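What follows is a short report on a single structure.
The values are calculated or read from the model by the stated rules, or taken from the named source; none is laboratory data. All values derive from a computational prediction rather than experimental measurement. When we count neighbours, we look across all protein chains shown, and the Cβ atoms used for this are built from the backbone with ideal geometry, even at glycine. The area values use the complete protein model at the heavy-atom level, side chains included, leaving out ligands, DNA and RNA. Shrake-Rupley method; radii C 1.70, N 1.55, O 1.52, S 1.80 Å.
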Amino acid sequence: MTMAASSRPRTLDPANLDPLQRWLASAVEASRVEITRADLLSGGAVQENWRIHAAIDGGPRAGTHALVLRTDAVARLPMSLDRPREFACIKAAHAASVLVAEPIAECADKSVIGAPFTVQRLLSGTAQARRIIRDPDLAGFGPALAREIGNQLARIHAIRPPNDALAFLPLPEPDAVGAAVAEMRRALDKASEPRPALEYVLAWLLSHKPAPRPTSLVHGDFRTGNYLIENGQLTGILDWEFCHWGDPREDLGWFCARCWRFGNDALAAGGIATRADLLEGYNAASDAPITESELAFWEILGAARWAVIALLQGQRFLTGGERSLELALTGLMPAEMEFDALEAIAALEAGRPIP
Amino acid sequence: MTARRIDADALLDLATEMLRAEVLPALAPEQRYAGAMIANALEIARRALAEEVEAAEWSLLDSLYEEGEGSTAQLARDIRADTLPKGKAADIAEALRTLLIAELRVRNPRFLASRGIGG
């Protein structure tokens, strides 16, 4: 159950913006910054996102700017990065010419607004998956959008270790798939509900491990719903808190997994276009091209991963004492991903392409 | 099968609790009878739905184990350890699919319809 906006703790006080203005002026080497508006954006019960309008006098950023200020999340999902580390990943992506909200400044000092925060340029566009997928013009812009998304993914994956700015990210184990399956099995062991179908899928993954690819920066939650578009054009890639070193095909498989098509089942690439469109953009920009048949394994891995996450959300309701209908309903979803994974495995074993 | 799971029972229990605690008191007097009927219907559905999935589970387990000796927890362990009774393992994927379909008929029939499986 979500907290009412009024009961959510707030840090930034629109009535007292002086400390923020002074800090921001110093951060952007300006003589003066005036914040003319500050609006709390919806969403995020555990963190705050403020849209601020800033008039900057002097320095390299002189002018008026629409910015986003984000505080660190109070509670994070397991495996997710804290805000400073996520910000470091965004900076690395920005430096590699990936379309992200330009990272402008970060503040670890709690005394400025009451919590650490980051400042990025505000991007325009919508990220709402169902709005994108149901856009009447999707057939027109979808293929080009998927090619652009593929191009962006290739830029992310071109970031490879070692990378001093990302030294905090642990390097993957040599057998990354084996480690991922082991981690999912440990999660299953903690769940009170046995899922034999998920066990079957995990065993299949272990026995069909592909040869590894060179390690890349992996976004970790790259799917429709986590990028912004405006007038059919990509404007930015969001939600970097699951960034890690890994196999680049993980992002492509997650993007195409059947559970992230939002009902546009025939358009495998995130419900917006075909896998061929996505890979055309990817392979044009990557020095390590990927084939469509390679994606199947990673789509099945993606389905298994989402099934495990959903199962763990359900456990918070079942055994964690959280009386949330939303958690309970999420906890019922693993059967869907398991079903899709079994269908995909059956197709592969019959020599057919997966749905 | 003693494992704790989010079955129709747990879910309808919570939905009914929310309905009674949060929705019914806020209803206009002329809507209260309808609200009470919905709460009753949920209680009845709660009793009926739980049985379907169990039947599918038993049918799967009895095809793999001596009658009455299998459990989904045992099946999960045997799949992971690759120790399913030989000769019975061949159709395991199809049997699991049948079990998932039974679960999804309760959990999300619209999902099944989207995968070309009708009611």
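Observations, loosely collected:
- Pairs with Cβ under 9 Å, 6+ apart, first in region A:88-106 and at positive phi, second open to solvent by 30 Å² or more (accessible area, probe 1.4 Å): A:S97/A:R155
- When A:G302, A:G271 are checked against the criterion of being in a loop (DSSP other than H, G, I, E, B), out of contact with any strand residue (DSSP E or B) (no Cβ under 6 Å at 6 or more places or on another chain) and modelled with pLDDT of 95 or more, A:G271 stands alone in meeting it.
- Looking only at residues of region A:180-197 that are more than 8 Å from chain B (Cβ to nearest Cβ) and open to solvent by less than 30 Å² (accessible area, probe 1.4 Å), we find that the one that is modelled with the lowest pLDDT is A:A191.
- Test: A:R85 is more than 24 Å from A:P170 (Cα to Cα) and surrounded by fewer than 20 Cβ atoms within 10 Å (Cβ to Cβ): no
- Selection status of A:L40, open to solvent by less than 80 Å² (accessible area, probe 1.4 Å) and either among the acidic types (D, E) or modelled with pLDDT of 90 or more (or both): no
- Just one residue in the set A:A285, A:A307 is on the phi < 0 side of the Ramachandran plot and surrounded by fewer than 23 Cβ atoms within 10 Å (Cβ to Cβ); that residue is A:A285.
- Within region A:271-286, residues that are of a type in the set (D, E, K, R) have Cβ atoms under 8 Å from residues that are in a loop (DSSP other than H, G, I, E, B) in these pairs: A:R275/A:A268, counting only partners at least 6 apart in sequence or on another chain.
- Selection count, region A:316-355, where residues are open to solvent by 60 Å² or more (accessible area, probe 1.4 Å), facing chain B (nearest Cβ under 8 Å) and among the small types (G, A, S): 0
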